[in-house]
Amino acid sequence: MKIKCPKCKGNADLAQDFSLVTCQDCKLEMSYGEYVKYVAHNDVTYSDILGDYAGSTEGQTAGSLDEWD
Ligand SMILES: [Zn+2]
């Protein structure tokens with residue numbers, strides 16, 4: 001069965017017994033359990049939220065410094 005390759009975003013293959021994920025494009029080869037962990041680890045949603053949070057915190061710091069003038 002075809003799934004999205006977590007590494008090159010190409011077409012990876014999931015074995016019928018869900019034992020192995022392989023991608024011919026980037027030579028990826030990992031177990032399905034590793035694949036799930038890999039995808040979860042590389043999910044950018046959380047890092048995007050953290051990035052926005054850091055940005056707004058910096059803005060607040062700059063604002064409070066301006067008040068010192
Ligand atoms: Zn790939």
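The values are calculated or read from the model by the stated rules, or taken from the named source; none is laboratory data. It should be emphasised that the depicted structure is a prediction, and the values quoted were computed from it without experimental measurement. Every residue, glycine among them, receives a Cβ derived from its backbone with ideal geometry; neighbour counts consider all protein chains shown.
Listing for the model above:
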{"quantity": "Hits in the range 1-31 - residues which are part of a loop (DSSP other than H, G, I, E, B) and under 20 Å from the mean Cα position of the chain (by Cα)", "calculated": "5, 6, 7, 8, 9, 10, 25, 26, 27"}
{"quantity": "Residue in the range 14-23 that is in contact with a Pro (Cβ under 6 Å, 6 or more places away or on another chain) and more than 9 Å from the ligand (Cβ to nearest atom) present", "calculated": "no"}
{"quantity": "Failed criterion for residue 29 (all others in (1) acidic (Asp, Glu); (2) more than 11 Å from the ligand (Cβ to nearest atom); (3) at pLDDT 60 or above hold)", "calculated": "(2)"}
